[in-house]
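Student: Below: one structure in structure tokens.
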Amino acid sequence: MTEASQRPNLRKRSSVFADADYSFTVMLLGDSCTGKTCLLIRFKDGTFLNNNFISTVGIDYRNKLVQIDQSKVKLQIWDTAGQERFRSVTSSYYRDADALLLVFDVTSRQSFENIRSWLSQIKEHAKESVQLTIVGNKSDLSGQRKVKIEEGRQLAASYSIPYIETSAKTGHNVDLAFNDLARRLVSSFTGSKVVMERILLRVLWFTMILKIISISQRHIFLGWVEPFSTIGAILHLLGTLATILCP
Ligand SMILES: Nc1nc2c(ncn2[C@@H]2O[C@H](COP(=O)(O)OP(=O)(O)O)[C@@H](O)[C@H]2O)c(=O)[nH]1
Ligand SMILES: [Mg+2]
């Protein structure tokens, strides 16, 4: 395909994401061969990748727009580039994450037992507000199971983290895992926005009261009114700026 014929596609793709009301970064984490790359490809393209080369090197990231109630949410989902094989996932990988899907393979006891050690790395490096889901993947291989669904649920519950079982092969629960994460990200973001708005409103009220005091007292106590009116003006300016920047 020529460069020119690709251009309209690119434009279309970027305008789709320009419409997003929210944008979040999601990272996949967990032992190698648990199906992280396959989960991402299943979610993004609706197909199952049976290719060990791509699986090993990973696929940097993919963007996907999901609809959560009235909002369009852009998820930028990052895959590891196989670093987890050597336990060398860098701290910056965690730091940028708004959410993490922590994946183990239900047919690998070891990958399940390593979840605790991944969680301690997350605790050390990720944002405090990070949203987590523990994912037991390869649920289609029921005959080879080494981890019972109750064990997965119990471990996740002991850390107060949601648990879900998926199959990148059949597609079972894959959309649900990502969409539930998106929903939680939107509601935690909206929650913090409401708190910010309340603080802002209080600052605005406070500055208005200070202004009224300083104007009404100007003719009586000129000496001590001046600092109040300066503080009031600064707070008022900050309040106005904040309203403009965080509408
Ligand atoms: N049966 C089955 N195989 C899977 C599933 N997900 C991934 N695999 C296979 O598991 C292997 C490792 O998958 P990959 O996505 O590369 O794992 P990653 O190293 O965690 O990225 C590949 O051979 C996949 O075909 C699944 O849900 N079911
Ligand atoms: Mg991979």
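Student: Quick check: is even one residue across the stretch 130-139 surrounded by fewer than 20 Cβ atoms within 10 Å (Cβ to Cβ) and touching a Ser or Thr at 6+ places or on another chain (Cβ under 8 Å)?
Tutor: Scanning the stretch 130-139 turns up no residue that is surrounded by fewer than 20 Cβ atoms within 10 Å (Cβ to Cβ) and touching a Ser or Thr at 6+ places or on another chain (Cβ under 8 Å).
Student: Here's a check for you: in the stretch 29-81, which residue that is surrounded by fewer than 16 Cβ atoms within 10 Å (Cβ to Cβ) and at positive phi is modelled with the highest pLDDT?
Tutor: G46
Student: Please name all residue pairs, on different chains or six or more residues apart, with Cβ atoms under 9 Å, provided the first residue is in the stretch 20-41 and is over 19 Å from D96 (Cα atoms) and of a type in the set (G, A, S) and the second residue is part of a strand (DSSP E or B) and within 12 Å of ligand 1 (Cβ to nearest atom).
Tutor: G35/V103; G35/D105; G35/V135; G35/N137
Student: Within the group K127, K169, K146, which residue is assigned to a loop (DSSP other than H, G, I, E, B) and more than 15 Å from ligand 1 (Cβ to nearest atom)? Give the derivation first.
Tutor: Numbers: K169 fails: more than 15 Å from ligand 1 (Cβ to nearest atom); K146 fails: more than 15 Å from ligand 1 (Cβ to nearest atom).
From the options K127, K169, K146, the qualifying one is K127.
Student: Please determine whether any residue of the stretch 229-236 is surrounded by fewer than 16 Cβ atoms within 10 Å (Cβ to Cβ), of a type outside the set (G, A, S), modelled with pLDDT of 70 or more and over 22 Å from the mean Cα position of the chain (by Cα).
Tutor: Within the stretch 229-236 (the criterion being surrounded by fewer than 16 Cβ atoms within 10 Å (Cβ to Cβ), of a type outside the set (G, A, S), modelled with pLDDT of 70 or more and over 22 Å from the mean Cα position of the chain (by Cα)), the answer is yes, since at least one residue qualifies.
Student: Take S160 and tell me if it is of a type in the set (S, T, Y), out of contact with any helix residue (DSSP H, G or I) (no Cβ under 8 Å at 6 or more places or on another chain) and in a helix (DSSP H, G or I).
Tutor: no
The values are calculated or read from the model by the stated rules, or taken from the named source; none is laboratory data. Keep in mind it's a predicted model, so treat the numbers as computed, not measured. Ideal geometry is used to build each Cβ from the backbone, glycine not excepted, and the neighbour counts take in all protein chains shown.
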